[in-house]
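This report refers to the structure that appears directly beneath it.
Each value in this text was obtained by applying a stated rule to the coordinates, not by laboratory testing. Keep in mind the model is a prediction, meaning the values are calculated, not measured. With ideal geometry, Cβ positions are generated from the backbone for all residues, glycine too; neighbour counts draw on all protein chains shown.
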């Protein structure tokens with residue numbers, strides 16, 4: 001139990017460092033912590049995030065993958081890991097991997113607009129422009145506070161279902 005408490009304290013310290021802008025020191029500590037606790041999903045997730053914020057996307061991937069393969073992430077952290085890995089795949093040009101991962105994430109978290117937005121970007125990168133625009137139109141219709149968008153919500157949703165429809 002003491003080892004678990006120590007790991008949690010070290011993890012909290014590293015996350016606080018990242019939040020204060022000490023990103024490289026946070027990454028260094030998290031890499032060491034992840035090496036000491038290779039089966040800890042939360043540590044892997046925080047380590048992935050530490051790499052991502054430094055623009056070290058390729059280095060973040062194995063930590064994201066480890067975090068998602070493990071157990072123990074809160075639903076919010078799982079959602080964050082899915083978004084982070086999907087976005088990272090896209091940035092690295094792994095567009096099909098991004099679409100596959102983000103599609104599953106949208107099924108798991110259907111009310112998350114950020115996941116749908118990143119899935120739309122991945123669809124765009126794969127040349128699935130119709131799917132990308134339709135997804136963004138549905139997201140716009142569902143979430144916009146703009147009065148003019150709300151007034152045309154039924155029409156926007158109709159055309160999102162069939163962008164080639166004429167009426």
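Counted by neighbouring Cβ atoms within 10 Å, the residues 73, 119, 56 run from fewest to most as 56, 73, 119. Shape class of segment 75-167 from the alpha-carbon gyration tensor: oblate, with a/c at 1.5 or above and b/c at least as large as a/b. Among 126, 74, 88, 47, the order by Cβ neighbours within 10 angstrom, fewest to most, reads 74, 126, 88, 47. First check a/c for the chain, with a ≥ b ≥ c the square roots of the eigenvalues of its C-alpha gyration tensor; if it is under 1.5, answer rounded, and if not, answer prolate when a/b is larger than b/c or oblate otherwise. Because a/c hits 1.5 or more and a/b exceeds b/c, the chain counts as prolate. The relative contact order of segment 11-132, computed from alpha carbon pairs under 8 Å that lie at least 6 residues apart in sequence, is 16 percent. In segment 61-167, Cα pairs under 8 Å separated by at least six residues give a relative contact order of 17 percent. The C-alpha atoms of the chain define a longest principal axis, and helix 41-52 lies at about 70 degrees to it. Look at where the Cα atoms of segment 14-76 and of segment 93-113 average out, and the two centres are 20 Å apart. Exposure proxy for 95, 89: other Cβ atoms within 10 Å of each Cβ, ordered fewest to most, give 95, 89.
The C-alpha atoms of the chain define a longest principal axis, and helix 2-19 lies at about 50 degrees to it.
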